[in-house]
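For reference, the structure discussed in these notes is given below.
The values are calculated or read from the model by the stated rules, or taken from the named source; none is laboratory data. Computed from a predicted model, the values in this text were never measured in an experiment. Cβ atoms come from the backbone with ideal geometry, glycine included; neighbour counts cover every protein chain shown. Only protein heavy atoms, including side chains, enter the accessible area calculation; ligands, DNA and RNA are left aside. Shrake-Rupley method; radii C 1.70, N 1.55, O 1.52, S 1.80 Å.
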Amino acid sequence: EWCLAVVGARRATTYGRQITEEIVTDLARNKITTVSGLARGIDSIAHHSALEAGGRTIAVLGSGLDIIYPGENTNLAQRITEHGALISEYPLGTKPRPENFPRRNRVMSGLSLGVLVTEAGKTSGAMITAHLALEQNREVLAIPGSILSAGSSGTNHLIQEGAKLVSSYSDILEELNLTAVAHQMEV
């Protein structure tokens, strides 16, 4: 299966929510598995959108598999187990701690062909994931945002530094050389 990590702000804007839903829905319809971290905001939207489109999604946890964080995503986590997977490198009983999340982000990018950053400040966890992706020779893709929005400063910076500017799912398929994936899987 082809996977793309989708990361972004926990406090997503209406724009971030809308574009994440649209792009992940189209990716799921093209047989691309969404990988994310089950966090509030963009992560949750990415998982939910993949499921609603009939696609697969993988949630990488920064805790043990028996501790869903945040708790409000317990039902979403259950749905993910039915159409994808929950994974963690932490043993059962491990509580979510700040130092767990960069390691979780490394796993997310490692599972994927690339990382799509849809909305992120310059010092966010999404930016950590993007930098880890570069270290792992993965593609980094970013959705541009307003230059007046602090929540888009990270994505805009990634684009300035050479990340692929994404305006639709077809930009992702083209960049990752996956334009024929859906057709290949049907054959």
Filter the helices (runs of 4 or more DSSP H) completely within region 33-123 down to those with at least 3 residues that are out of contact with any Ser or Thr (no Cβ under 6 Å at 6 or more places or on another chain) and touching a residue at least 40 places away in the same chain (Cβ under 8 Å).
100-111
Note: among T179, T94, just one is in contact with a helix residue (DSSP H, G or I) (Cβ under 6 Å, 6 or more places away or on another chain) and of a type in the set (V, I, T), namely T179
If you go through region 25-53, how many residues are under 19 Å from E89 (Cβ atoms) and either among the small types (G, A, S) or open to solvent by 20 Å² or more (accessible area, probe 1.4 Å) (or both)?
3
Identity of the residue in region 60-116, within 24 Å of L141 (Cα to Cα) and of a type in the set (D, E, K, R), that ends up most open to solvent (accessible area, probe 1.4 Å)
R103
How do the pairs read when you match residues in region 161-187 that are at negative phi and open to solvent by less than 100 Å² (accessible area, probe 1.4 Å) with residues anywhere that are modelled with pLDDT under 65 and among the hydrophobic types (A, V, I, L, M, F, W, C), using Cβ under 9 Å and keeping only pairs 6 or more apart or on different chains?
L173/V181
Inspect region 137-153 for any residue being within 23 Å of R29 (Cα to Cα) and among the polar types (S, T, N, Q) and give the result as yes or no.
no
When you scan region 103-113, do you find a residue that is hydroxyl-bearing (S, T, Y), farther than 21 Å from L61 by Cβ and under 15 Å from the mean Cα position of the chain (by Cα), even just one?
no
Residue check, V7 within 17 Å of Y169 (Cβ to Cβ), touching a residue at least 24 places away in the same chain (Cβ under 8 Å) and open to solvent by less than 30 Å² (accessible area, probe 1.4 Å):
yes
Any residue in region 144-159 that is within 19 Å of E175 (Cβ to Cβ) and open to solvent by 60 Å² or more (accessible area, probe 1.4 Å) sitting within a Cβ distance under 6 Å of a residue that is part of a helix (DSSP H, G or I) and modelled with pLDDT under 90? List the pairs, counting only those 6 or more apart or interchain.
none
